[in-house]
Amino acid sequence: MIDIAMLSTPKVVAVPLNQENTMLQFNIPNMTCGSCARPVREALLSVDPLAQIETDTPARQVRVETALDEAAFIAVLAEAGYPHQPQPRP
């Protein structure tokens, strides 16, 4: 279930000007259609409104270019009902 109130609550994010962006990748097993991609995108943008986000629904993956740490993104994805599942390492 998606908490609409959580998604509509603005959050203030401080981003240091000298910090470089990194590309984060999240595996979202239950992002099965385009309708799922929208709340995922909105949840991620609530953490960093300046993030560049690419969704790949068939692969069930999201890539986020951001200067922020991945922990906040992982938490908001879980809150929105789309938890990240880490890839097993070889």
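Just wondering, is there one or more residues in the range 69-76 that are in a strand (DSSP E or B), closer than 21 Å to T22 by Cβ and modelled with pLDDT of 95 or more? No.
Can you find, within the range 54-71, the residue that is nearest to N30 (Cα to Cα) among those that are in contact with an Asp or Glu (Cβ under 8 Å, 6 or more places away or on another chain) and hydrophobic (A, V, I, L, M, F, W, C)?
V62
If the condition is being touching a helix residue (DSSP H, G or I) at 6+ places or on another chain (Cβ under 8 Å) and buried (at least 17 other Cβ atoms within 10 Å of the Cβ), then the range 54-67 contributes T55, V62, V64, T66. Listed by first and then second residue, the pairs with beta-carbon distance under 8 Å, at least 6 apart or on different chains, first residue in the range 69-88 and closer than 18 Å to C36 by Cβ, second surrounded by 11 or more Cβ atoms within 10 Å (Cβ to Cβ) and among the polar types (S, T, N, Q), are F73/T66; V76/S46; G81/N30; Y82/N30; P83/N30; H84/N27; Q85/N27.
The values are calculated or read from the model by the stated rules, or taken from the named source; none is laboratory data. Quick caveat, the model's predicted, so the values are computed rather than measured. Methodologically, a virtual Cβ is constructed for each residue, glycine included, from the backbone with ideal geometry; neighbour enumeration extends over all protein chains shown.
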